[in-house]
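Working notes, structure below.
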Amino acid sequence: MLRHFISVSNITLFVYYLASNLIYLALLIIALFASLRHRRRLASIRLEHMRTSPLAPPITVLAPAHNEEKSIIESARGLLALDYPELELIIINDGSADKTLEVLREHFQLRPADVLYLPELPSAPVRGVYMSQNEPRLLVVDKEPGGNKADAVNAGLNAATKPYVCVVDADSILERDSLLRIMVPILADPRRVVAAGGIVRVLNGSRVRDGQLTEVRLPKGWLEVLQVIEYLRAFLIGREAWAAGNMLNIISGAFGIFRRDLVRAVGGYRTNAIGEDFDLVTRMHRYLLEQKMDYRISFVPDPVCWTEVPSDLRSLARQRARWHKGLLDVLWPNRDMLFRPTYGRLGSIGLPYMWIFELLAPVVELVGYTTIILAAVLGVLSREFFIQFLIYGYAFGTMISIGAVMQEEITYKRYNDWRDVIRLVLYCFFEHFPYRQMYLVWRLQGFWQYFRKDFVWRPMKRIGFHGGDSKN
Amino acid sequence: MGCVSNMPILMAVLISPGTPGRFVLQAIVVTSAGIALLLFFILGRRGLRRRYFHRRDLRVFALRKQWEGILNGSVPPESWRRHSLDSEIVEEMLFEGMEAAHAAGQREEAARLLHVLRTSGLLSTRMHEASEYGGWRRRRALVALGRTRAPEVVPVLAGALEDEDLETRVAAVRGLGGTGLAAAATEMMDRVVGRGLSTPGLTLQNSLLQCCQGRPEILQPYLRQAQGRAREMLSRVLGELATPAMEEDILLLAADPLPEVRASAARALGVARPLAALELLGELVKDKEWFVRLRAVVALGSIEDARVIPILIESLCDENRYVRLRAAGALAQMGPRLEQIVEKVIETRDRFALHAIISEIERAGGIAHLFGAISDPNRRVEATTTLLQALKAGQEQMRTAARGELRPVAAMKPGKAGS
């Protein structure tokens, strides 16, 4: 009986693993073509014309900040220095316990401006709205702590006045032309393109001056470098490829642009969502598909947002557990979208992929470990075969990661230093052990926390990129 | 991605005695070859690119030294056209030079550079690419042709407007816009109005703006014929470029049944400021569409005339919060008349209007001006009365808030939501 179970389980896992490999290979190939197409399209676009055009649609940049006193001024200055003809910046102070508001008040000479706020979308109570005396494009919304980013962004959306909203993390750095670049698909087809996501990359290790990135370097720590590879894989392969089929259902909370009327139409961010970015985009898909609207949600790989990633295991574990909880928190309520014709490709391909190869991956992995131990105990483990398959799995995973590095190399090439590229490639060989196993545990923790209804947001330890010229 | 290298899955698979071992071995070989190829590609490409840029730098220095000779023909084009890299560098240098010359208004220099493009055959090569090639190469050629600003490229670019591929049409529109020529505008508008050219509106509008700059009258005949979306689009361009001489057309636009067109008319009135501007804007601030009213208020704010004050005060009581905010912002900029403005706003008995104006005055640093007026013996009585009334109104508002009718921050009347 047990032997039979192991045999069935083996076949299932074999098919699962083969399918996941083939899918990822297909995604890599699609992403490569999509990137090349985008690069060629860019050759016929002159950003300087957009930069000076009086017709460019105005954008509100929403930057929620929670205990960001170290970096908020740098961030605000960086965001205000973005190249875009008409820009409004709203910083939402989400009940910071530090001096975030005081620092902003002092630097930007904030004054209360009580007339601007209309609470149409749900959020924790707002304590005050402030306008700057020396920067007319800046508005600060000070609110009670909402416990999550969604709550803060909703408060910002209530105060936003422009037709497009760009949601960023206050601790992230946007490249100067990133708004112009992320608007490229929207300007090319404003009726259909309702949202666009940009690429998020790892800031750790790079040099920052006055809120602007001055030198891109690979981080020193192994944990951060492994995250660089993960980010490259997720954005340059995963998102690029899914967006090519209009099935992109995550626009990173660190950098994405949305049509404001549509965000309001779907009720803004769900304030109790754990993965608010994934949740919003899924609900937007649902709404637009139910309305039978012809639309696109795009991914643009060149407008770069640089963000600080966890540099210690504890913070990383918390972040990854939260991400996995977020995944479950969105997929479960939207399970009715699966395989229903109304939801098109998203319902029949995109979401099933998320269920099978993202959400359930740690469970399958755990079953795999259990089965191998059982097989060893029962003496049915073929050692030779085991080693062969181990090598194959290792080689395939490495190939996909190096594929992501190659995608970066042939398209955007941000790491100019040879040593950085060599280190990046080398780390592709070393990410399978023990990092993968730790990642499995963190994701299982995410499941555990979700089922225990443990939705507390746990802060991440940050270094910050404060100071005039600092190395992050 | 988490599943890509799921070791346990592999391990589980291996325990089945019937699993095809040869397949796994083949997979290992193929995957290892894939890794080797990728590594070779990454490192090889880096090396090649490094060499390429080094070589390019050297050629740029060499060609810069010969630049005058290239321009006056003493260095014959054959000598540098033979090498594709040299050709590419010279073309880019010519384009950059032409753009700089146009920006600086140096027409002769621009003409000299264009002459080199023509005599060297670079221009005809690009025209050939734009006519005969397909895909991205054609699109790149179309945009490059736009940078030349040569009249002879207009028919080639216009021809590409007929292409079935949207991206090619967009590149053609961008190219035509780049020329900045009236003929290019005419080609675009002929197709927009006559044949329903389908390209993204913003790209087309930007190109038309570039081509109609300084000569908006070429829009007039098309605007009269255009209907629907074409009319909306052309009126938006006119809104940026209108002159007082176009008053008659603006008048027609202001009465158009399409709200987008009326909004553009408001913009045009603010830009051109014809004699009837105030009267027309006074009508448009009462429009049923909030964005038409908003544009009208913005236009009024740009007109320095005391007669706009009562109209803006009326807009301060608008049902739309964006209109109110813009009106308050415009009024707050009218420094010397602030106390009269505040007084008149008090007379409206609209607490939201008062709140908006005080907030905007404060933001614009006008509160000090009001206090300054108090210290002026001639204006003290008037200013003090105004401030007292404002304070009284503020207290009234606080009392209302305390009664719970008004949320302290959300200072909005029920039903006065912004659209």
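Modelled with pLDDT under 95, among the hydrophobic types (A, V, I, L, M, F, W, C) and within 18 Å of the chain's Cα centre (by Cα): is that true of residue A:199 in this structure? Spell out how you get there, then give the answer.
On the way: modelled with pLDDT under 95: yes; among the hydrophobic types (A, V, I, L, M, F, W, C): yes; within 18 Å of the chain's Cα centre (by Cα): yes.
So residue A:199 fits the description; yes.
Can you go through B:319, B:343, B:283, B:304 and tell me which one is more than 23 Å from residue B:201 (Cα to Cα) and in contact with a Ser or Thr (Cβ under 7 Å, 6 or more places away or on another chain)?
Values: B:319 fails: in contact with a Ser or Thr (Cβ under 7 Å, 6 or more places away or on another chain); B:283 fails: in contact with a Ser or Thr (Cβ under 7 Å, 6 or more places away or on another chain); B:304 fails: in contact with a Ser or Thr (Cβ under 7 Å, 6 or more places away or on another chain).
The unique qualifying residue is B:343.
Can you find a residue that is at pLDDT 70 or above and within 14 Å of chain A (Cβ to nearest Cβ) anywhere in the range B:306-317? Talk me through it step by step, then tell me what you get.
Of the range B:306-317, the ones at pLDDT 70 or above are B:306-317.
Add one more test, that the residue is within 14 Å of chain A (Cβ to nearest Cβ), and what stays is B:316-317.
Among the residues of the range B:306-317, at least one is at pLDDT 70 or above and within 14 Å of chain A (Cβ to nearest Cβ), which makes the answer yes.
For residues that are surrounded by 23 or more Cβ atoms within 10 Å (Cβ to Cβ) and either part of a loop (DSSP other than H, G, I, E, B) or touching an Asp or Glu at 6+ places or on another chain (Cβ under 8 Å) (or both), tally how many sit in the range A:256-274. Full working, then the answer.
Restricting attention to the range A:256-274, the residues satisfying the condition of being surrounded by 23 or more Cβ atoms within 10 Å (Cβ to Cβ) are A:256-258, A:263, A:268-269, A:274.
When the remaining residues are screened for being either part of a loop (DSSP other than H, G, I, E, B) or touching an Asp or Glu at 6+ places or on another chain (Cβ under 8 Å) (or both), the result is A:256, A:268-269, A:274.
Residues flagged as surrounded by 23 or more Cβ atoms within 10 Å (Cβ to Cβ) and either part of a loop (DSSP other than H, G, I, E, B) or touching an Asp or Glu at 6+ places or on another chain (Cβ under 8 Å) (or both) within the range A:256-274 amount to 4.
Which one of these does residue A:249 not meet: (1) touching a residue at least 40 places away in the same chain (Cβ under 8 Å); (2) over 14 Å from the mean Cα position of the chain (by Cα); (3) in a loop (DSSP other than H, G, I, E, B)?
All conditions are met except number (2).
Among the aliphatic types (A, V, I, L, M), within 26 Å of the chain's Cα centre (by Cα) and not in a loop (DSSP other than H, G, I, E, B): does that describe residue A:121? Even if it seems obvious, please write down each step before you answer.
Working: among the aliphatic types (A, V, I, L, M): yes; within 26 Å of the chain's Cα centre (by Cα): yes; not in a loop (DSSP other than H, G, I, E, B): no.
Considered against the rule, which asks whether it is among the aliphatic types (A, V, I, L, M), within 26 Å of the chain's Cα centre (by Cα) and not in a loop (DSSP other than H, G, I, E, B), residue A:121 comes out as no.
Condition test on residue A:129, is it part of a strand (DSSP E or B) and under 23 Å from the mean Cα position of the chain (by Cα)? Quick ask: steps written out before the conclusion?
Details: part of a strand (DSSP E or B): yes; under 23 Å from the mean Cα position of the chain (by Cα): no.
For residue A:129, the condition - part of a strand (DSSP E or B) and under 23 Å from the mean Cα position of the chain (by Cα) - is not met.
Looking at residue A:313, is it in contact (Cβ under 8 Å) with a residue 40 or more places away in the chain, over 12 Å from residue A:458 (Cβ atoms) and more than 19 Å from the chain's Cα centre (by Cα)? Let's see the steps before the verdict.
Details: in contact (Cβ under 8 Å) with a residue 40 or more places away in the chain: yes; over 12 Å from residue A:458 (Cβ atoms): yes; more than 19 Å from the chain's Cα centre (by Cα): yes.
Considered against the rule, which asks whether it is in contact (Cβ under 8 Å) with a residue 40 or more places away in the chain, over 12 Å from residue A:458 (Cβ atoms) and more than 19 Å from the chain's Cα centre (by Cα), residue A:313 comes out as yes.
What helices (runs of 4 or more DSSP H) completely inside the range B:138-241 contain at least 1 residues that are more than 18 Å from the chain's Cα centre (by Cα)?
Numbers: elements: B:154-160, B:166-179, B:182-189, B:201-212, B:220-225, B:228-241.
Ranges flagged: B:154-160, B:166-179, B:182-189, B:220-225, B:228-241.
List the helices (runs of 4 or more DSSP H) inside the range A:1-107, counting only whole elements, that have at least 2 residues being within 12 Å of chain B (Cβ to nearest Cβ) and among the charged types (D, E, K, R).
Details: elements: A:2-43, A:47-52, A:72-80.
Answer list for the range A:1-107: A:2-43, A:47-52.
Does the range A:371-409 hold any residues that are in a helix (DSSP H, G or I), within 7 Å of another protein chain (Cβ to nearest Cβ) and among the β-branched types (Val, Ile, Thr), and which are they? Step through it out loud before you land on a result.
In the first step, residues of the range A:371-409 are kept if they are in a helix (DSSP H, G or I); the result is A:371-378, A:383-409.
Right, trim to within 7 Å of another protein chain (Cβ to nearest Cβ) and you get A:371-372, A:375, A:385-386, A:388-400, A:402-403, A:405-406, A:409.
Correct list: A:371, A:372, A:391, A:398, A:400, A:402, A:405.
Among the residues of the range B:31-52, is there at least one that is more than 28 Å from residue A:411 (Cβ to Cβ), basic (Lys, Arg) and more than 9 Å from every other protein chain (Cβ to nearest Cβ)? Reasoning before the result, please.
Of the residues in the range B:31-52, the ones more than 28 Å from residue A:411 (Cβ to Cβ) are none.
Checked the range B:31-52: no residue is more than 28 Å from residue A:411 (Cβ to Cβ), basic (Lys, Arg) and more than 9 Å from every other protein chain (Cβ to nearest Cβ).
Please enumerate the residues belonging to the range B:194-232 that are away from every other protein chain (no Cβ under 14 Å), surrounded by fewer than 22 Cβ atoms within 10 Å (Cβ to Cβ) and farther than 17 Å from residue B:258 by Cα.
Listed by number, the residues that qualify are B:194, B:195, B:196, B:197, B:214, B:215, B:217, B:218, B:220, B:221.
Find all pairs meeting these conditions: Cβ atoms under 6 angstrom apart; at least six residues apart or on different chains; first residue within the range A:78-96 and surrounded by fewer than 20 Cβ atoms within 10 Å (Cβ to Cβ); second residue of a type in the set (A, V, I, L, M, F, W, C) and part of a loop (DSSP other than H, G, I, E, B).
Pairs found: A:85/A:56.
The values are calculated or read from the model by the stated rules, or taken from the named source; none is laboratory data. Remember, it's a predicted structure, so these values are computed and weren't measured experimentally. Virtual Cβ from ideal backbone geometry, glycine too; neighbours counted across all protein chains shown.
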